[in-house]
Each structure stands twice: as C-alpha cells, then as structure tokens.
Amino acid sequence: MASRISRRSFLKLAGMASAGVAVAGGLGGAAIKAAMKETVRSGEVKEVATFCELCFWKCGMIAKVQDGKIVKLEGNKKHPLSNGKLCPRGNGATGLTYDPDRLKTPMIRTKNRGQEMFREATWDEALDYTAEKMTGIKEKYGPECLAFFNHGYGASQLKHLLQAYGTPNIAAPSYAQCRGPREVAFDLTYGEEIGSPERVDIKNTRMLVLLGSHLGENMHNTQVQEFADAIDNGAKIVVVDPRFSTAAGKADWYLPIKAGTDLALLLSWMNVIINEGLYDKEYVHSYAFGFEQLKAHVQAYTPERVWTITGIKPELIRATAREMGHQKPGVLIHPGRHVTWYGDDTQRVRAIAMLTALLGAWGRKGGYFYPGSVDVPKVKTKTYPTPNRSRADLMIKNYPLASHVLASGLCDATFPIPNSQCHIRGWFVYGTNLVHSLPNPEQTRRALSELEFVVVSDVLPMEITGWADVILPDATFLERHDDVHVASWREPFVSLRQPVIEPMYESRPPWWVAKELAKRLDLEEYFPWNNMEEYLGMRLENAGINFEQLKKDGVVTFPRQPMYLEEGVPPAFYTPSGKIELYSPRLAEQGQDPMPTFQHHGDPPEGYYRLLFGRAPVHTFGRTTNNPVLNRIMDENEIWVNRHVADKWGLKNGQKVILQNQDGVKSNQIKVKVTERIRNDCVYMVHGFGHKSRGLSNHKGADDSSLVTKYNTDPIMGGTGMNVNFVTFIA
Ligand SMILES: Nc1nc2c(c(=O)[nH]1)N[C@H]1C(S)=C(S)[C@@H](COP(=O)(O)OP(=O)(O)OC[C@H]3O[C@@H](n4cnc5c(=O)[nH]c(N)nc54)[C@H](O)[C@@H]3O)O[C@H]1N2
Ligand SMILES: Nc1nc2c(c(=O)[nH]1)N[C@H]1C(S)=C(S)[C@@H](COP(=O)(O)OP(=O)(O)OC[C@H]3O[C@@H](n4cnc5c(=O)[nH]c(N)nc54)[C@H](O)[C@@H]3O)O[C@H]1N2
Ligand code: SF4
Ligand SMILES: [Mo]
C-alpha cells in the first residue's frame with residue numbers, strides 16, 4: 001500500500017499545483033508558457049470571460065488577449081467549477097484554436113466516401129448542398145431518417161434546427177458509451193439521475209470510495225480540487241482498480257481487483273454491512289423499500305467466496321466495509337462516469353446506489369447532495385413538429401428504461417432492419433469522432449458507406465470528417481457564442497460562452513450555420529433572432545439576468561439552497577413507490593433481475609490480456625491528441641504491461657509492439673511501459689491516440705477503439721460495455 005501524499009503533491013501530479021497561476025501551472029506549465037509566448041506583444045491586454053470546452057466539464061475561464069491574439073488562459077475565480085484554476089488541458093486550449101491543421105474552409109467530397117479527398121467550397125455552396133440533401137431525405141423517407149450525432153455545447157442551436165426539421169433521432173456517445181447506465185441505475189433506485197456536474201460531495205466526505213473512477217487522470221477540475229480537499233481533511237480513501245492509478249497513490253486502501261468483478265465486491269460489502277448491523281437503520285427503515293430481499297440476496301456473497309472471484313482478501317473486504325459503517329453517513333461511493341465496462345453496468349451501478357442507501361449517504365453531507373437549481377427558460381419559438389415514427393434506435397421497443405437515444409442504436413439503424421419503422425439514410429455529425437467513440441469501428445465505417453448523405457461539422461480533419469460528403473469548419477469555442485450553461489450545483493449558476501477572438505479562416509460558429517440552414521429549409525420561424533447575442537439577450541432578460549454584468553464576469557451564481565436532509569431538504573424519492581427502491585419492481589416488470597447478481601465476464605485465453613483504457617491528465621480523448629501545446633507534454637500513449645508479463649514475452653520498457661485482439665485486429669505500434677502498477681491479467685492504454693486521418697500531424701501511439709471489436713450490450717438500457725476485448729503481443 002502506498003503512503004499518503006499531500007494535497008500539494010497530488011495537485012502537482014495532476015498538473016494543477018499553482019492556485020490561480022493558470023498558464024504556468026503545474027505539469028508542463030513551462031512548456032505551455034513557452035508555446036504561448038512565441039512572439040513579443042506590446043498592445044493592451046484585454047480580458048474576456050468564457051467557459052472551456054476542451055472537455056465537457058465547462059470550467060469558467062478568463063482569456064487574456066493582446067494584439068488580437070490569445071496570450072493566456074486562466075481559471076475564473078468567480079466560477080464555481082474552476083475556482084480560479086484550469087486543468088492542464090484548459091490551460092493549453094489555445095493549442096486547438098491555433099492548430100495549423102484546423103479545417104479552414106468548407107469542403108465537398110470529390111472521390112469515394114472515406115477516401116479523404118475533398119475540394120474547397122464556399123459556404124453558400126456547402127450550405128445549399130446540405131439543405132438540398134436534407135430536404136431530399138425528408139421528402140423521400142421522412143425527417144426521422146436523418147440522425148443527428150453531437151457532443152458538446154456548440155450543438156445547442158443545431159439541435160434546435162434538427163428538432164424543428166422533425167427528427168427525434170438525436171444522440172451523443174456520452175450516453176450509451178459513457179454514463180447512461182449510471183443515470184438509469186440511480187433513477188431506478190432514487191428516481192433521480194446523477195447528472196453533470198455530478199452531485200457528489202467530495203470535499204466534505206469522510207470516506208471516498210473510487211471504483212475505477214481515476215480522479216487525477218480523469219481531470220474533471222472541480223472533482224480533482226475537491227479530492228485534494230478531502231485528502232487535506234483526512235478523509236479515508238479506498239481505490240478499487242486493477243491498475244495502480246494516480247488516485248491509488250492517495251489511498252488508505254488500494255484493492256487491485258480482478259477486472260470485471262466489482263459487482264461481487266459491492267455485494268460482499270453489503271453482506272458485511274448488513275450482517276454486522278453497520279447500516280443506517282433509521283434511514284433504511286424510514287426511506288427504503290426491499291431491505292429484507294436485499295438482505296437475503298447478499299447472503300451468498302460472503303467475503304470468503306468473493307475473494308475467489310475478485311482476488312481481494314476477506315479481511316480487506318471486511319476492514320473496508322467496517323470503515324464505511326464507521327464513517328457513515330458521510331461516505332461517498334463514487335458513481336463513476338465512464339461506466340460502460342462489461343454490459344451489466346446498470347446492475348453494477350445499482351449496487352453502488354444500494355450501498356449508498358445502506359450507509360444513509362444519499363442527501364447527506366459527504367455523500368450525495370441535493371443540488372440547487374435555477375430556471376432560465378429557453379426562448380420560446382414555434383412548437384416542434386411531432387415525429388410520425390418512433391426513435392430509430394429501437395430503444396422504445398427494446399430498452400424502455402433508457403432515458404436518451406443511443407448513438408450506437410442509431411448506427412445499428414443505419415442498416416436495414418426487418419420490420420423496423422425507420423431506416424436511417426443520412427447523418428449530421430457535430431463534434432463527435434464516431435469512428436473512434438462507438439465500439440466496433442468497422443461497423444461504423446460500413447454504416448457510413450451505406451448512407452445517402454453525411455455532413456460533418458468539426459474543427460480538425462478527424463477520422464469522421466474523412467467520411468463526410470460536406471465538411472463544415474466550426475469556429476473553436478474561443479471564437480464563438482454558444483447558449484448559456486445553466487447548472488445545478490451547490491450554488492446554482494449561469495455561465496456565458498462568448499467569443500474571445502474573431503473566428504479564424506473561413507470557420508463559422510454553429511449558431512450561424514443553424515440559422516443559415518434554417519433559411520434554406522424553410523424553418524426560419526424557429527430562429528426569430530439575428531444573431532446569438534440577440535438570442536442570449538432575450539433568454540437572459542426573460543430570466544431577469546443582467547447580460548452586461550454576465551459578459552464582464554462570465555458567470556452569475558445564485559444563493560446556496562439547503563443541500564442535505566439534515567438541512568431540511570424534504571426526503572423525497574421520485575420512484576413509483578416514493579421510496580428508495582433496493583428491490584426494483586420496475587426491473588422485475590421488464591423481465592430483468594430486480595437485484596444485481598454477479599456474472600462472470602470470462603477470462604482472457606492463454607497469452608491474452610484484457611484491454612483496459614482510460615484518461616491522461618493532459619488529453620481529452622482524441623480531440624486534443626493533435627494539440628501542439630499539449631503534445632509538448634505528451635504526444636503518444638503507452639501500453640502498460642505488468643513486469644512479469646513483460647519478462648515472459650521478453651518485452652523491454654520503451655520497446656514498440658503491435659497488439660492483436662481476439663478477432664485478429666491489429667493496432668498501430670505502441671511503446672511498452674513495463675510496470676508493477678497493473679495486474680498480470682490485463683493491459684492498459686490511454687484512449688485517443690493513434691490517429692490515422694491524413695490531415696492530422698500526430699499519428700503516434702495506438703488507438704484502443706480499433707481493438708474494441710467486441711462489446712456486451714446492457715440488457716437494461718442498451719449501453720455498450722467495451723472492456724471485454726483481449727489482446728496479445730505480436731511484434
Ligand atoms: N484528462 C481527462 N479527463 C477526463 C476525460 C478525458 O478525456 N481526459 N474525459 C472525461 C469523461 S467524458 C469521462 S466519462 C471520464 C471518465 O473517467 P472515469 O469515469 O474515471 O473512467 P473509468 O473508465 O471509470 O476509469 C478508467 C479506470 O478504470 C479502471 N478499470 C478498468 N476496468 C476496471 C474494472 O473492471 N474495475 C475497476 N474497479 N476498475 C477498472 C482503469 O484501470 C482506469 O484506471 O473522464 C472525464 N475526465
Ligand atoms: N474505445 C473507446 N471508446 C470510447 C471511450 C474510450 O475510452 N475508449 N470513451 C467513451 C466516452 S467516456 C465518451 S464521453 C465518448 C466521447 O466521444 P467523442 O465525443 O466522439 O470524443 P472524441 O473522439 O474526442 O471526438 C470529438 C470530436 O469533436 C471534434 N471537436 C472538438 N472541438 C470541437 C468544436 O468546438 N466543434 C466541433 N464541431 N467539433 C469539435 C474533435 O475534433 C473530434 O473529432 O467516447 C466513448 N468511447
Ligand atoms: S476540466 Fe479542464 S478541459 Fe475540462 S472544462 Fe475544465 S479546464 Fe477545461
Ligand atoms: Mo464520457
């Protein structure tokens with residue numbers, strides 16, 4: 001077990017050591033600083049407040065602009081998600097805006113789809129062509145046959161356009177490939193989703209339990225800052241991970257679990273907590289439903305039996321369970337975010353929700369709080385048409401509990417399905433590199449070849465843009481207005497994105513594209529404003545928010561409301577029974593197991609290792625791995641290999657290998673990292689490297705998604721569990 005390190009050294013590891021001194025801060029600060037100070041500037045420095053989009057956390061940011069160039073980015077001290085700090089990616093966001101590889105003009109395909117051959121086009125040409133194809137699909141097949149894939153805040157006005165056009169088939173990979181199972185699991189148990197930013201009281205917790213969630217590598221700014229606070233406050237920390245993560249270095253207990261067995265551990269913890277009477281009896285008695293069934297259900301999961309499943313010794317299972325009982329109710333079993341691991345993910349996260357209930361930690365200080373909210377209604381426009389056909393991803397039929405459309409489901413529906421109501425004919429893609437984010441990329445490429453029309457809005461020539469018929473070069477977040485971010489949080493707040501500089505090249509903001517397309521699609525009535533500033537003015541005025549002040553401050557916060565049951569929040573649970581549902585009648589009705597039951601996920605065959613993947617502090621998926629500023633810090637990924645495994649294969653640190661998965665698919669070359677910090681039955685890499693697109697400068701490293709040919713579908717909500725692939729070394 002590693003010794004505990006201090007808050008400062010933790011923040012330093014995570015690259016955020018310098019409170020407020022953003023650009024020079026922490027990991028690689030000097031490199032970022034060097035990259036941004038290439039030219040000496042003399043003009044006045046102007047400060048513009050906005051919020052970051054290098055990931056989806058939306059931290060408040062202050063940009064310093066001199067002679068029309070962004071010279072520095074800092075965290076906004078007034079913004080509750082940044083508290084004056086940005087993570088290393090936010091610090092290096094100018095690397096995106098000033099990336100020489102950026103898409104500079106609209107383009108139209110000249111050769112076969114997927115061959116990455118385009119000619120430059122004018123905006124009029126690109127928009128006329130897109131509108132003509134959209135009209136064609138609507139007339140020939142119906143508007144439902146156009147799917148809109150999106151990720152990120154820039155999509156809001158385009159989403160409005162596509163809803164006005166009449167398609168219900170709107171999806172992001174952040175649901176079925178990320179947090180969908182978590183939202184469904186908590187909704188089934190408490191009648192409420194977790195949402196983002198997560199309602200987790202990390203800074204006040206007495207005990208933090210992380211299953212996978214690799215805070216410190218997963219750099220969601222506020223959570224990393226609060227993790228450091230928790231360390232400072234002496235919170236007990238348990239990290240469960242087959243890999244000794246950055247967070248594991250801070251743990252009192254590190255549990256090197258066999259991948260895919262967390263559900264057994266969770267059930268065993270509940271076994272100990274119930275059998276030793278360590279649960280919050282009053283809370284469970286007053287608010288929960290199905291305790292007796294749960295008690296009976298967990299009897300099979302004794303620590304001795306679960307040891308043989310997870311590899312975690314019974315005394316360690318008992319010691320950590322007892323500590324939870326001792327520290328309750330201020331215990332946070334973190335719900336995770338990227339939870340699509342093995343296909344039974346809703347059940348695993350339900351076990352997290354149930355353990356939380358036993359500890360009385362939902363609605364309690366140090367557990368899950370009730371976030372305050374503020375109402376900022378959207379500007380009213382004409383009502384959207386009602387689609388004639390149901391969502392094409394078939395989820396209404398197969399996954400009635402899914403609360404959002406499944407991106408993977410829309411991809412499936414691009415192939416003709418017998419008796420299907422809707423067969424997708426066109427894709428409108430905004431800010432998502434589907435070839436790298438959906439499982440089984442070969443199937444995604446086949447879907448892309450089948451389509452009648454593909455339009456992609458992006459900022460870089462990514463893999464997905466290579467498949468477009470029309471490419472629309474988006475302005476980066478530092479060059480545009482988007483809709484306001486209305487956030488539920490301890491203190492609810494409203495945050496503004498506004499342009500820091502003018503859009504470079506021929507790039508244009510998405511709200512402008514939406515409005516221009518609306519003109520061509522006869523949908524102008526839905527856009528009764530001339531520009532985004534006018535739209536925002538209308539929206540904010542309706543909500544009584546001073547726009548001029550917001551432009552200056554970047555954020556307006558509203559008073560903190562009671563957050564905990566102990567502060568008087570009424571104990572309301574929005575399930576059908578009005579109670580916390582430990583036993584789930586809704587799952588039983590759907591023919592699903594009303595209680596989470598552990599299932600084996602198979603062991604790797606001889607000579608193969610389970611492929612795991614995650615995040616690096618300085619990158620966000622593949623969207624930053626071409627960023628010249630961030631690449632000065634890390635420009636390729638490595639494959640983590642246990643020392644004994646490396647010895648067996650004769651692999652040396654730094655040597656390059658090719659990985660091959662169970663279906664014979666090979667990766668690019670990737671450097672070996674020989675380490676004791678991972679179990680010997682799995683290997684690990686950071687997701688997002690190994691780009692193949694010709695227009696990008698950085699092709700280094702390997703791409704995990706090409707090896708994810710297999711996935712297990714979550715029977716409850718259709719999420720795609722992707723940690724089920726095995727790889728071996730072939731060179
Ligand atoms: N720097 C950075 N931060 C990010 C992002 C980014 O791209 N870059 N992306 C953001 C997004 S969208 C998301 S969803 C989150 C994702 O971040 P998390 O929700 O933290 O992601 P996970 O997939 O849970 O975490 C990967 C970790 O899980 C471990 N793991 C793999 N299999 C198992 C298992 O079976 N059991 C256990 N206990 N552990 C396992 C891996 O070893 C690795 O340490 O990060 C967010 N933050
Ligand atoms: N194999 C594998 N698959 C995964 C994951 C994994 O770890 N491994 N993680 C899963 C998770 S947690 C998530 S949330 C999803 C994320 O999946 P995606 O959202 O698809 O993430 P990226 O692959 O980074 O693709 C982002 C795309 O948006 C573009 N982009 C960036 N900024 C802008 C902008 O301002 N405007 C426009 N128009 N485009 C922009 C980028 O250039 C890039 O093409 O992937 C999921 N899929
Ligand atoms: S966590 Fe980092 S990349 Fe994400 S929004 Fe905040 S500063 Fe930007
Ligand atoms: Mo995600």
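Tabulated data for the structure shown
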{"quantity": "Solvent-accessible area, 1.4 Å probe, carbon plus sulfur percent, for the chain", "calculated": "49 percent"}
{"quantity": "Dmax and Rg, reported as Rg then Dmax, of the chain (C-alpha, Å)", "calculated": "25.0, 73"}
{"quantity": "Computed P(r) (all Cα pairs; the stretch 79-234; 10 Å bins; percent)", "calculated": "8, 22, 30, 21, 15, 5, 0"}
{"quantity": "Largest-first ordering by accessible area, 1.4 Å probe, given options 78, 700, 552, 380", "calculated": "380, 552, 78, 700"}
{"quantity": "Intensity falloff of the stretch 609-730 expressed as log10 I(q)/I(0), Debye formula with alpha-carbon point scatterers, at q = 0.23 Å⁻¹", "calculated": "-1.35"}
{"quantity": "Average projection area in nm² (convex hull over Cα atoms of the stretch 180-367, one quarter of hull surface)", "calculated": "9.2 nm²"}
{"quantity": "Rounded D (µm²/s) - the stretch 503-644, Kirkwood Rh over Cα pairs, Stokes-Einstein at 37 °C, 0.692 mPa s", "calculated": "140 µm²/s"}
{"quantity": "Exceeding the 21 Å Cα-Cα cut-off - candidates 652/700; 203/579; 78/365; 111/692; 46/72; 64/552", "calculated": "203/579; 78/365"}
{"quantity": "Share of alpha-carbon pairs per 5 Å distance bin for the stretch 78-129, given as whole %", "calculated": "4, 16, 13, 14, 12, 10, 10, 9, 9, 2, 0"}
{"quantity": "Cα pair distances exceeding 12 angstrom across the stretch 193-240, given as percent", "calculated": "62 percent"}
{"quantity": "Scattering curve values for the stretch 315-460, log₁₀ I(q)/I(0), Debye with Cα scatterers, q = 0.17 Å⁻¹", "calculated": "-1.09"}
{"quantity": "Percentage relative contact order, the stretch 609-730, counting C-alpha pairs under 8 Å, at least six apart", "calculated": "34 percent"}
{"quantity": "Helical contribution to [θ] at 222 nm, DSSP H n ≥ 4, -39,500 (n - 2.57), averaged over the chain, rounded to 500", "calculated": "-8000 deg cm²/dmol"}
{"quantity": "Two-decimal log10 I(q)/I(0) for the stretch 537-617, as the Debye equation yields it once each C-alpha is a single scatterer, q = 0.21, 0.25 Å⁻¹", "calculated": "-1.01, -1.15"}
{"quantity": "Relative contact order %, the chain, counting alpha carbon pairs below 8 Å whose residues are six or more apart", "calculated": "19 percent"}
{"quantity": "Distance between the stretch 117-133 and the stretch 656-703 - C-alpha centres, whole angstrom", "calculated": "36 Å"}
{"quantity": "Relative contact order, percent, the stretch 509-595 [alpha-carbon distance under 8 Å, six or more residues apart]", "calculated": "10 percent"}
{"quantity": "Solvent-accessible surface (1.4 angstrom probe) belonging to residue 682, in square angstrom, nearest 10", "calculated": "0 Å²"}
{"quantity": "Å² per residue, accessible surface of the stretch 609-730 at 1.4 Å", "calculated": "35 Å²"}
{"quantity": "Unit charges at the beta carbon, dipole of the chain: most positive-side option, 414, 685, 500", "calculated": "685"}
{"quantity": "Nearest-ten-degree value, helix 532-542 long axis tilted from longest Cα axis of the chain", "calculated": "50 degrees"}
{"quantity": "Accessible area per residue in Å² at 1.4 Å probe, computed on the stretch 286-423", "calculated": "40 Å²"}
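The values are calculated or read from the model by the stated rules, or taken from the named source; none is laboratory data. Since we're looking at a predicted model, the values are computed, not measured. Cβ atoms come from the backbone with ideal geometry, glycine included; neighbour counts cover every protein chain shown. Protein only, heavy atoms only, side chains kept; ligands, DNA and RNA dropped before computing areas. Shrake-Rupley method; radii C 1.70, N 1.55, O 1.52, S 1.80 Å.
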